[in-house]
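The values are calculated or read from the model by the stated rules, or taken from the named source; none is laboratory data. Being a predicted model, the structure only gives us computed values, none of them experimental. Cβ placement follows ideal geometry from the backbone for every residue including glycine, while neighbour counts extend to all protein chains displayed. Keep in mind that these areas ignore ligands, DNA and RNA; they rest on the heavy atoms of the full protein, side chains included. Shrake-Rupley method; radii C 1.70, N 1.55, O 1.52, S 1.80 Å.
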There are 2 protein chains.
Amino acid sequence: MALNDSALLAAAHRRQGDRLPIWFMRQAGRSLPEYRALRQGISMLDSCARPDLVTEITLQPVRRHAVDAAIFYSDIMVPLKAIGVDLEIVGGVGPVIAAPITRVADLDTLRPLEPADVGYVSEAVAAIVAELGDRPLIGFAGAPFTLASYLIEGGPSKDYAKTKSLMIAQPELWLDLCSRLADISAAFLTVQVQAGASAVQLFDSWAGSLSAADYAGFVQPHSAAVLRRVGELGVPRIHFGVGTSELLPLMGAAGADVVGVDWRLPLAEASRRIGPDFAVQGNLDPALLTAPWPVLAERVRDVIRSGAHAPGHIFNLGHGVPPTTDPDVLTRIVELVHTEGPEIRAEAGALADVTSGRA
Amino acid sequence: MALNDSALLAAAHRRQGDRLPIWFMRQAGRSLPEYRALRQGISMLDSCARPDLVTEITLQPVRRHAVDAAIFYSDIMVPLKAIGVDLEIVGGVGPVIAAPITRVADLDTLRPLEPADVGYVSEAVAAIVAELGDRPLIGFAGAPFTLASYLIEGGPSKDYAKTKSLMIAQPELWLDLCSRLADISAAFLTVQVQAGASAVQLFDSWAGSLSAADYAGFVQPHSAAVLRRVGELGVPRIHFGVGTSELLPLMGAAGADVVGVDWRLPLAEASRRIGPDFAVQGNLDPALLTAPWPVLAERVRDVIRSGAHAPGHIFNLGHGVPPTTDPDVLTRIVELVHTEGPEIRAEAGALADVTSGRA
């Protein structure tokens, strides 16, 4: 089977075949004991800069769960670290920035990302792709708003008060900051695609904290700049944020091929909002991964049924795998999606055809 | 002016007069230096059980900001503490439950709340109402889902995994738990209304973590039970949660008179979804309170304009006042809402009449 015929890429292009593709956000990393063993004594950012570790960590969940794609193991702060921003990832906290951005002069550190800054990324991608064969590797980057929120807040935030305040009070500074971040993000994804990634996912994890009007005015143009540049490389683009029920059409229109949906909205309704030109990805509630299997399995089937109403569906969670997840549960979900998926989709899709008069 | 002619109660009954009423969620408490001075060396739960402190803390923001209502100073865990649940409020963390609920036997501690359990509440309400005169006091309680989430998780949670898992895996236990919590919540509000509160707000702070289907199936009936019992007392009921754009019509239908809206959805659109039988409350983004005044003032005006399209509008934030808020900013917002509100509403409303053909 050629890579371009893979279930994931076909679904992303809305040419879904018999197989329902599945992967998990955060499948590479914290939920796997073999990952925790590898990371012993190695910081997050150091691990992201070692091609041998990145390769192994990216491949671990593919081997274990037989998912339909690998997601490049990295951190959204990696390209910023690579251009010299003083930051670290603190365990149990998240990214911590030494000198948060408050004024124009602070932008000087945000120079363009050159491929040579992240040679270890190209090297790791090449090694991963060689191992994966006909299974696609999804490239990974953070979107400008989410990156900006860390740079302005100095770390994770509950309410993004400094970010939003700067955004509306200093629009020129915001524009300059996000333009730089869009360039960096696009360059980081370009490196991954040129080294062999055959799709990308742009994470705007915290965009859901914004109203649609603020998203449209201050955020979407910058995400669109990233997605446009990646689109020129000819790979499908997945775009995701959490709590984005009201933003989904805008996130699609930003230039995605696939819109990731969290668990709050059924995929059928999400697809109706986003429109027929987009595949959807999602959206099992990760909070349900601890539920007893029969109950959980029924929720997996619900997601498959709802996704059958979209023009393309990539099964995923509605957010990242929680660190405490029993990995065997993920393996079981993959098996269910692969064995029961086609039939459930066929039944649900036939029903949808009847209801919509397409039969 | 009689209490029933107050701007807040009139708006709640969709008989809005000239004045646009305003209050702030969390106006009583952490943002005020006079509150922090009073609380020195006194724990949160102890402060809630002292009528002198509760009275003073409830009145502080009314004096300072000239808001149109007081909100009863309490904590959503107070009624649970009052019936003997072993819990404390840990600074910087939130409620911590000694023995989280996992099975039917754990429900034995959740006995009905009797007025005598919270005599200090009746006493404080009476003292507050005597001071307030023609300004209404809003009673305060947590909704069953949010209370259940603390009891099951043992404290605050990011993803409510245990709560959701119990909810779908042990529906009988969930039903029993939420029925008890609905009784407790209704009894707690009844005590406040019978002592003189002339409206209530039921907080389902974390309901926005649920899909509409799960909310409708597992949560709405229990909130409805609370709101029905309070409705029998003849006071208007405000119902609020954060991140609930997709749940607003269900929250209204649960038996609210006023639906609180967070900042993610313009009030006009929220009102369109909820329908003409409900007033709305909200929805300035609290993250913007640190923005420079001219920018913030324009956002306040936007909220007033959008709220003019609803059949009743109580101005508020879209979530609680952040602890770091400069209280002078809140005072200034109240002044703006009172001085400019009527004119902005008249202009926006006239425009709405033209657009909708009602002119």
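The eigenvalues of the Cα gyration tensor, multiplied by 5 and square-rooted, give chain B an equivalent ellipsoid with semi-axes of 31, 24, 19 Å from largest to smallest.
Computed about its Cα centre, the charge dipole of region A:3-356 is approximately 280 debye, with only Lys, Arg, Asp and Glu carrying charge at their Cβ.
Around the amide H of B:Asn316, modelled in the peptide plane, lie the amide H atoms of B:Gly282, B:Asn283, B:Leu284, all under 5 Å away and 5 or more residues distant in sequence or on another chain. Working note: Debye formula, equal point scatterers on the alpha-carbon atoms of the protein assembly as shown, no solvent; log10 I(q)/I(0) at q = 0.06 Å⁻¹ is -0.36. Counting only protein heavy atoms and using a 1.4 Å probe, what share of the accessible area of the protein assembly as shown belongs to carbon plus sulfur, as a whole percent? Of all accessible area on the protein assembly as shown, carbon and sulfur atoms account for 53 percent. Ignoring ligands, DNA and RNA, what accessible area per residue does region A:267-325 give at 1.4 Å, in Å²? Heavy-atom SASA per residue in region A:267-325 reads 31 Å².
Using a Förster distance of 45 angstrom, determine the FRET efficiency expected from the C-beta separation of A:Arg332 and B:Glu123, and round it to 0.05. Before the final figure, lay out each step's value.
On the way: r = 56 Å, r/R0 = 1.25.
The pair A:Arg332/B:Glu123 has a calculated efficiency of 0.20.
As a test of reading the structure, rank A:Thr244, B:Thr190 by solvent-accessible area (1.4 Å probe, protein chains only), most first. If you can, show how the numbers build up before the last one.
Values: A:Thr244 0, B:Thr190 25 Å².
If we order A:Thr244, B:Thr190 from most to least accessible, we get B:Thr190, A:Thr244.
Accessible surface of B:Asp75, taken over heavy atoms with a 1.4 Å probe and every protein chain present, rounds to 30 Å². When the alpha-carbon atoms of region B:203-281 are used, the pair Rg, Dmax equals 11.5, 32 angstrom.
Buried accessible surface for the B/A pair, both sides summed and rounded to the nearest 100, is 2100 Å² with a 1.4 Å probe.
Rounded to the nearest 5, what % of the DSSP beta bridges within the protein assembly as shown are antiparallel ones?
Values: 8 of 52 bridges.
Counting DSSP beta bridges with both partners in the protein assembly as shown, the antiparallel share is about 15 percent.
Using the Karplus relation 6.51 cos²θ - 1.76 cosθ + 1.60 with θ = phi - 60°, the per-residue 3J(HN,Hα) values for region B:264-280 come to 6, 10, x, 4, 4, 5, 4, 5, 4, 6, 6, x, x, 8, 9, 7, 10 Hz, with x marking Gly and Pro.
Calculation over all alpha carbon pairs of region B:148-190 in 10 angstrom steps from 0 returns a P(r) of 28, 48, 22, 1 percent. With 0.36 nm allotted per residue and the present C-alpha distance subtracted, the A:Arg50-A:Trp293 stretch has 83.8 nm of extension available.
Calculated from DSSP H runs of 4 or more alone, at -39500 (n - 2.57) each and per residue, what is the 222 nm mean residue ellipticity of chain B, nearest 500? Walk me through the intermediate numbers first.
Values: 14 runs with 166 residues, N = 359.
Helices in chain B give a 222 nm mean residue ellipticity of -14500 deg cm²/dmol.
Spin-label model, B:Ala346 to A:Asp106: label points 7 Å out along the Cα-to-beta-carbon direction sit 4.4 nm apart. Per-residue accessible area (protein heavy atoms, 1.4 Å probe) orders B:Asp176, B:Asp328, B:Asp18, A:Asp285 as B:Asp18, B:Asp328, B:Asp176, A:Asp285, starting from the largest.
Placing +1 at every Lys and Arg Cβ and -1 at every Asp and Glu Cβ, with all other atoms neutral, what dipole size does region A:87-157 have around its Cα centre, in debye to the nearest 20? Please report the intermediate quantities before stating the final value.
Working: 3 positive and 9 negative charges, 38 e Å.
That gives region A:87-157 a dipole magnitude of about 180 debye.
Per-residue 3J(HN,Hα) values for region A:39-53, derived from phi via the Karplus relation 6.51 cos²θ - 1.76 cosθ + 1.60 with θ = phi - 60°, read 7, 2, x, 10, 5, 3, 5, 5, 5, 6, 9, 10, x, 5, 5 Hz in sequence order (x marks Gly and Pro). What separates the A:Glu131 label point from its copies, with the point 7 Å along Cα to Cβ, is 6.6 nm, written shortest first. Rounded to the nearest Hz, the phi-derived 3J(HN,Hα) couplings of region B:182-190 under the Karplus curve 6.51 cos²θ - 1.76 cosθ + 1.60 (θ = phi - 60°) are 5, 4, 5, 5, 5, 5, 5, 5, 4, where x marks glycine and proline. Inter-chain neighbour count for B:211-221: the average number of beta-carbon atoms from partner chains within 10 Å of each residue's beta-carbon is 2.
The stretch between A:Ala213 and A:Arg36 holds 59.6 nm of extra length on full extension. This uses 0.36 nm per residue minus the Cα-Cα distance.
Projecting the Cα atoms of A:Pro294, A:Gly41, A:Gln194 onto the dipole axis of region A:3-356, where Lys and Arg carry +1 and Asp and Glu carry -1 at the beta carbon, places A:Pro294 farthest toward the positive end.
So, for region B:51-156, what is the accessible surface per residue at a probe of 1.4 Å, expressed in square angstrom?
Numbers: 3750 Å² over 106 residues.
Each residue of region B:51-156 exposes 35 Å² on average to a 1.4 Å probe.
Computed about the Cα centre, the dipole magnitude for the protein assembly as shown is approximately 500 debye when only Lys and Arg (+1) and Asp and Glu (-1) carry charge, each at its Cβ.
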